[in-house]
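Only one structure is covered here, and it is reproduced in the block below.
The values are calculated or read from the model by the stated rules, or taken from the named source; none is laboratory data. These figures come from a predicted structure and were not determined experimentally. As a convention, Cβ positions derive from the backbone with ideal geometry for all residues, glycine included, and neighbour counts pool all protein chains shown.
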């Protein structure tokens, strides 16, 4: 598959240390992109970077960042621009799980049959 603009693209992927983010990063790499691996888990990022890029300079593609801290994200993006030039695409995959409802709601029971 050849997607326009992906080959050679500089593409930060949040949540790249595992799960969907890791799968996306691998797929982007197979398409010729340069996925930049962002996650809060530094140790796992190192493992993933070696898996995707091999041992040669794999740390050049990892960025430890907490996406819940906007100042840290801004600093990370500036570092990415300094290290790799302009970002061509981005994958915002990391999530912040909160154990409370997003919006208050009531449960409405329908008719009993």
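General observations
- Residues of region 13-27 classified as in contact with a strand residue (DSSP E or B) (Cβ under 6 Å, 6 or more places away or on another chain) and surrounded by fewer than 22 Cβ atoms within 10 Å (Cβ to Cβ), total: 1
- Within region 69-113, the residues that satisfy the criterion of being modelled with pLDDT of 90 or more, at negative phi and assigned to a loop (DSSP other than H, G, I, E, B) are 69, 86, 87, 88, 89, 90, 92, 93.
- Selection status of residue 10, more than 20 Å from residue 87 (Cα to Cα) and over 12 Å from the mean Cα position of the chain (by Cα): no
- Of all residues making up region 9-24, the number that are without any contact (Cβ under 8 Å) to a residue 40 or more places away in the chain and in a helix (DSSP H, G or I): 3
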